[in-house]
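Below is one structure, written out as structure tokens, with a few remarks after it.
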Amino acid sequence: QVQLVESGGGWVQPGGSLRLSCAASGNSFSFYNMGWYRQRPEKQRELVATISSGGSTNYADSVKGRFTISRDNVKNTVYLQMNSLKPEDTAVYYCSGWRTLSNYWGQGTQVTVSS
């Protein structure tokens, strides 16, 4: 069983930055692929970025060049650095971890971008 706990959300003005963190329990973190997803108001949950157990990254077109996903396998944590934030980035951001036959989700953290 893996528990994921997100933090770092909040309110920021357009053009600002936030860094989300997702802390994972357990001792198999390095074997998990990790990702960030978001659910904007009245929209379906969508992929933001993923990072494989080997460190390969993938981004949604809407965040390429602005967001960076990274992981620290010593701290069992995955990060999402979000720069040049836009009002359309407002959403609940969820952390996810998966490997064969296992998929876990955090409870989500709210990010609000407005002036």
Worksheet entry | Linear extension gain, Asn58 paired with Glu42, 0.36 nm per residue minus alpha-carbon span | 3.3 nm
Practice prompt. Loop only per DSSP, at most 13 neighbouring Cβ atoms within 10 Å: give me the trypsin sites (Lys or Arg not before Pro) in the stretch 50-93, ordered by residue number.
Written response: Lys64, Lys75
Worksheet, complete the sentence: Counting only protein heavy atoms and rolling a 1.4 Å probe, one gets per residue an accessible area for the chain in Å² of 53 Å²
Item to complete: Convert each backbone phi in the stretch 9-24 into a coupling constant with the Karplus relation 6.51 cos²θ - 1.76 cosθ + 1.60 (shift: θ = phi - 60°), then list the ³J(HN,Hα) values in order as whole Hz, x for Gly and Pro.
Response: x, x, 9, 8, 7, x, x, x, 10, 9, 10, 8, 10, 9, 8, 10
Practice prompt. Could you work out the relative contact order of the stretch 1-96, using alpha carbon pairs under 8 angstrom and six or more residues apart, expressed as a whole percent?
Written response: 35 percent
Worksheet entry | Percent carbon-and-sulfur accessible area, the chain, ignoring ligands, DNA and RNA, probe 1.4 Å | 46 percent
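The values are calculated or read from the model by the stated rules, or taken from the named source; none is laboratory data. Note that this is a predicted model, so its numbers are computed, not measured. Note that we place each Cβ from the backbone using ideal geometry, even for glycine, and neighbour counts take in every protein chain shown. Accessible surface areas use protein heavy atoms only, side chains included; no ligands, DNA or RNA. Shrake-Rupley method; radii C 1.70, N 1.55, O 1.52, S 1.80 Å.
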